[in-house]
Amino acid sequence: MKYYYAVIDTNVLVSAMLKWNSVPGNVMELVFRGTIIPVFNEDIIKEYITVLLRPKFRFTKEIVDDVISAIKGNGVWVDEKSIDIDLPDPKDRVFYEVVMEKRSGTDAYLVTGNIKHFPAKPFIVTPRQMLDIILDGQ
């Protein structure tokens, strides 16, 4: 089975959890099945938890814990190196740094719904593009 390393932006995870039968939901389903291996660090996991536990989303702590455990259990921890880059949202920097660190050793993608928040690179993709990459690779 072919697999793909990917940093999953928080907006993709939230979108998937709000509507599982969606393109972001399909991406997260591939994460849970092991086709996509999530790449993360402590800051990314903390952001996932903080955002998912916002009252407006109404996710229980148990559901959030289960999702985070699945991501950690199926994923790869990366200690990123700081990169001198200006992004529209400074909180996005960690996602870019982690994908760049992972790419130093193997191919990896950054999957985001906010493609314009990052440099135009072929490894920074939307959820739809990630699905297309996987379909083309099979």
**Item:** Considering residues of the range 48-71 that are open to solvent by 50 Å² or more (accessible area, probe 1.4 Å) and in contact with a helix residue (DSSP H, G or I) (Cβ under 7 Å, 6 or more places away or on another chain) only, the residue nearest to residue 109 (Cα to Cα)
**Value:** 49
**Request:** Kindly indicate whether residue 1 is free of Cβ contacts under 8 Å to residues at least 60 places away in the same chain, assigned to a helix (DSSP H, G or I), of a type outside the set (Ser, Thr, Tyr) and open to solvent by 10 Å² or more (accessible area, probe 1.4 Å).
**Result:** no
**Request:** Determine, yes or no, whether residue 69 is more than 13 Å from residue 5 (Cα to Cα), among the hydroxyl-bearing types (Ser, Thr, Tyr) and not in a helix (DSSP H, G or I).
**Result:** no
**Request:** Give the range 83-122 a look and list any residue that's hydrophobic (A, V, I, L, M, F, W, C) and surrounded by fewer than 19 Cβ atoms within 10 Å (Cβ to Cβ), or say none.
**Result:** 83, 85, 87, 115, 120
**Message:** Can you say whether residue 109 is in a helix (DSSP H, G or I) and either among the hydroxyl-bearing types (Ser, Thr, Tyr) or at pLDDT below 90 (or both), as far as the supplied structure shows?
**Reply:** no
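The values are calculated or read from the model by the stated rules, or taken from the named source; none is laboratory data. Source: prediction; values computed, not measured. All Cβ positions, glycine included, derive from the backbone under ideal geometry; neighbour counts span all protein chains shown. The area values use the complete protein model at the heavy-atom level, side chains included, leaving out ligands, DNA and RNA. Shrake-Rupley method; radii C 1.70, N 1.55, O 1.52, S 1.80 Å.
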